[in-house]
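Below: one structure in structure tokens.
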Amino acid sequence: MGELCRRRELVRGEKVFLMATYLVAYRQLKAPLIMGEADEGADFLIEMMNQHPVYRRYFMVFLRDWQRDLQQERPQSEQGWHQVFNYRRLMQALLMSADLPEIIARQITNQSNQDEQ
């Protein structure tokens, strides 16, 4: 995904589509990710978010919905718990990067956000 998004032939809409596809697939995954997949995903997402503000805004909207849904629903199965732990692994991997935009770090840690300038 990261290699695709570095291609100059792709326009922003196509890159947002790739980012959305990755996030939706990751969110719906019911198998545990433990072998560095979250780190690779975090690298891809950070690279995208640092390319243009539109990618940061898309991620923030997606993240708010994801966080809201996780707070409202309690996992009822092993697969549901895998989804929660996969989310946590991805958020931890994002927070470990020095390149993560500050506004995203605040959203992940549920600190108050000011509108992005």
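Out of all the residues in the range 95-105, which are touching a residue at least 40 places away in the same chain (Cβ under 8 Å) and open to solvent by less than 70 Å² (accessible area, probe 1.4 Å)?
Listed by number, the residues that qualify are S97, L100, P101, I103, I104.
Which one of these is open to solvent by 70 Å² or more (accessible area, probe 1.4 Å), more than 11 Å from the chain's Cα centre (by Cα) and closer than 18 Å to I108 by Cβ: Q71, Q79, Q51, Q92?
Q71
Continuing with the same structure: Of all residues in the range 19-48 being buried (at least 17 other Cβ atoms within 10 Å of the Cβ) and aliphatic (A, V, I, L, M), which is modelled with the lowest pLDDT?
Ranking the candidates gives L33 first.
Select from the range 63-96 the residues that are outside any helix (DSSP H, G or I), farther than 13 Å from R27 by Cβ and either among the acidic types (D, E) or at pLDDT 95 or above (or both) and list them in ascending order.
M96
Going through the range 1-18 one residue at a time, which ones are more than 20 Å from A38 (Cα to Cα), open to solvent by 90 Å² or more (accessible area, probe 1.4 Å) and assigned to a helix (DSSP H, G or I)?
Within the range 1-18, R12 is the sole residue that qualifies.
Can you report the number of residues in the range 1-35 which are without any contact (Cβ under 8 Å) to a residue 24 or more places away in the chain and either in contact with a strand residue (DSSP E or B) (Cβ under 6 Å, 6 or more places away or on another chain) or within 13 Å of M91 (Cα to Cα) (or both)?
0
Next up: Quick check on my filter: what residues within the range 54-68 are open to solvent by 50 Å² or more (accessible area, probe 1.4 Å) and under 18 Å from R7 (Cα atoms)?
Hits for the range 54-68: nothing passes.
The values are calculated or read from the model by the stated rules, or taken from the named source; none is laboratory data. Since this is a predicted model, take the numbers as computed values, not measurements. For neighbour counting, all protein chains shown are included, and Cβ atoms are generated from backbone atoms with ideal geometry for every residue, glycine included. Each accessible area value is taken on the protein alone, full model and side chains, heavy atoms only, with ligands, DNA and RNA left out. Shrake-Rupley method; radii C 1.70, N 1.55, O 1.52, S 1.80 Å.
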